[in-house]
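Notes follow the structure.
The values are calculated or read from the model by the stated rules, or taken from the named source; none is laboratory data. Computed from a predicted structure; not experimentally measured. Here the Cβ is made from the backbone with ideal geometry for all residues, glycine too, and neighbour counts use every protein chain on show.
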DNA sequence: AAAAAAG
């Protein structure tokens, strides 16, 4: 496979012009699609960005407000050690070695400044491995959970790559825009979240990030696109719409990232995704660089990987921030009719312990949209400020619910599975599975909304006769995470029939393995010495270590 | 069966 421009030759290379501001670029500067870019190599020669940079809204402003609103958290001390022994496995051809610090990767001064603004001290395991792989121009299939820091893992190489890219002539369509990178995600909120993060990472770099998703006026999004776009973050439906209107062309795409790929397939997006990736004008694998992120690797994802990626590197990171030591999991037997009063008891106890008053948030998962509405109403009636998020609410309502929850105005959020994956809400201290999901993977994602960024969290599940199919996988999962399994649950589990397929975990703490190693004839692995590149690192023998000294308020790049 | 996503 051929590395895209700015591939491996940049890795580790010294750069004399690093940090040099080119000002208004000299000859070769051209105005293009609302943006002026300079010619020549090196960093930051998107000189015309000056005008825009001064107008650019500071994406870090909200962080300060949020910190003030919530006050200093006591449990903000990050437990980095908890992550040091996360198992990581890579395989493939010539895997670039992982890095231990951001400093040793040459991401460019603008991006480095933003990493400092984000207060990221050191890369997470998925970042240590994924960033050098992507900077080396290689395709990547990563098995990583949300909360593992994967947004930065795919954003950094994209932003860095675009920053250092030579001026690329983009076709000029009357109203068509030509993004250089596309990030697809399953839900609108997740797209928003990725957009917000990407904006922080690209602040004052001249790299423009735009988000497009359904439920919001397309006019506003079109206007944003017309002002110039380098990285487009989108949900599949709205993107197909934009493509069909010929307002967006994928012809210039050099980076493609699919987030939560398994989720997108679960939601029936495969036709749209294949249309976007294979049937429009996107460059083929090997020309573009592709990153596929998925928590699990069923057959459908493996097929997607063979079709979308070229000579990729497989990366698996152990479960992080979910079902680990950081989350205390409790299961209680609660009959359907007792659920509300039981929840009330929990909330009262929480309030008495002062947890409530300290703006710790409680996320309550229910099975249906109707159930979400009625529980929210009931909670409010009983003096607990709550709001709700689900697919029957308008996008405006969804977003304002999320804001109100995050700000602590309504510290209880009743949610359907729309909020189960990927959403990163700081300060969620308690996740209640009011209705348990049928799939253990959904359970893992839901409880992963707490215990993030090294903080501890509690997850309480209401279990009853309707959840028997979950008894075995749930008790296995809890055992694996060294949680106390109630005797009654173990009894149900031992009686339950071994349900094959979906609920069986394979590979222990890993969500999947590189299937190319299992099959003798694989389209993706034509070379005979393919398996030679396999390397595995169970721990991090980091010389010098990261011996601590992180005070409150300092975060790593987990979220 | 329910949830999500394009109106």
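Of all the listed residues (A:408, A:383), the sole one being over 25 Å from residue A:260 (Cα atoms), touching a residue at least 60 places away in the same chain (Cβ under 8 Å) and more than 22 Å from the chain's Cα centre (by Cα) is A:408. Any residue in the stretch A:259-271 that is more than 21 Å from the chain's Cα centre (by Cα) and either outside the structural domain of residue A:173 (by TED's automatic domain parsing) or within 16 Å of DNA strand B (Cβ to nearest atom) (or both)? Scanning the stretch A:259-271, I find at least one residue that is more than 21 Å from the chain's Cα centre (by Cα) and either outside the structural domain of residue A:173 (by TED's automatic domain parsing) or within 16 Å of DNA strand B (Cβ to nearest atom) (or both), so the answer is yes.
Residue A:419 meets the stated requirement of being under 23 Å from the mean Cα position of the chain (by Cα) and either outside the structural domain of residue A:463 (by TED's automatic domain parsing) or within 16 Å of DNA strand B (Cβ to nearest atom) (or both). Can residue A:333 be described as within 16 Å of DNA strand B (Cβ to nearest atom) and either in contact with a helix residue (DSSP H, G or I) (Cβ under 9 Å, 6 or more places away or on another chain) or at pLDDT 95 or above (or both)? For residue A:333, the condition - within 16 Å of DNA strand B (Cβ to nearest atom) and either in contact with a helix residue (DSSP H, G or I) (Cβ under 9 Å, 6 or more places away or on another chain) or at pLDDT 95 or above (or both) - is not met. Checked against the criterion of being within 21 Å of residue A:235 (Cα to Cα), at pLDDT below 95, part of a helix (DSSP H, G or I) and within 16 Å of DNA strand B (Cβ to nearest atom), the stretch A:151-173 has no qualifying residue. Within the stretch A:426-446, the set of residues being closer than 20 Å to residue A:353 by Cα and either free of Cβ contacts under 8 Å to residues at least 12 places away in the same chain or assigned to a strand (DSSP E or B) (or both) comprises A:428, A:429, A:430, A:431, A:432. Can you name the condition, by its number, that residue A:457 falls short on among (1) away from DNA strand B (no atom under 16 Å from the Cβ); (2) within 25 Å of residue A:337 (Cα to Cα)? Status for residue A:457: all satisfied but (2).
Do we find a residue being within 16 Å of DNA strand B (Cβ to nearest atom), in contact with a helix residue (DSSP H, G or I) (Cβ under 6 Å, 6 or more places away or on another chain), touching a residue at least 40 places away in the same chain (Cβ under 8 Å) and assigned by TED's automatic domain parsing to the domain that holds residue A:94 anywhere in the stretch A:248-256? Yes, the stretch A:248-256 contains at least one residue that is within 16 Å of DNA strand B (Cβ to nearest atom), in contact with a helix residue (DSSP H, G or I) (Cβ under 6 Å, 6 or more places away or on another chain), touching a residue at least 40 places away in the same chain (Cβ under 8 Å) and assigned by TED's automatic domain parsing to the domain that holds residue A:94. Residues in the stretch A:280-295 that are in contact with a strand residue (DSSP E or B) (Cβ under 8 Å, 6 or more places away or on another chain) and not in a loop (DSSP other than H, G, I, E, B) were compared, and the one that is surrounded by the fewest Cβ atoms within 10 Å (Cβ to Cβ) is A:288. Taking the stretch A:393-415 as the range and being within 16 Å of DNA strand B (Cβ to nearest atom) and crowded, with 22+ Cβ neighbours inside 10 Å as the test, the residues that pass are A:398, A:401, A:405, A:413, A:414, A:415. If I filter the stretch A:101-114 down to residues being buried (at least 18 other Cβ atoms within 10 Å of the Cβ) and within 20 Å of residue A:317 (Cβ to Cβ), which single residue comes out as modelled with the highest pLDDT? Filtering the stretch A:101-114 for residues that are buried (at least 18 other Cβ atoms within 10 Å of the Cβ) and within 20 Å of residue A:317 (Cβ to Cβ), the one modelled with the highest pLDDT comes out as A:102.
The rows are residues; the columns are (1) near DNA strand B (Cβ under 9 Å from one of its atoms); (2) surrounded by fewer than 21 Cβ atoms within 10 Å (Cβ to Cβ); (3) in contact (Cβ under 8 Å) with a residue 24 or more places away in the chain.
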residue	(1), (2), (3)
A:191	yes, no, yes
A:194	no, no, yes
A:205	no, no, yes
A:210	no, no, yes
A:213	yes, no, yes
A:224	no, yes, no
A:230	no, no, yes
A:237	yes, yes, yes
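Just to be sure, is residue A:372 over 23 Å from the mean Cα position of the chain (by Cα), buried (at least 16 other Cβ atoms within 10 Å of the Cβ) and within 11 Å of DNA strand B (Cβ to nearest atom)? Yes.
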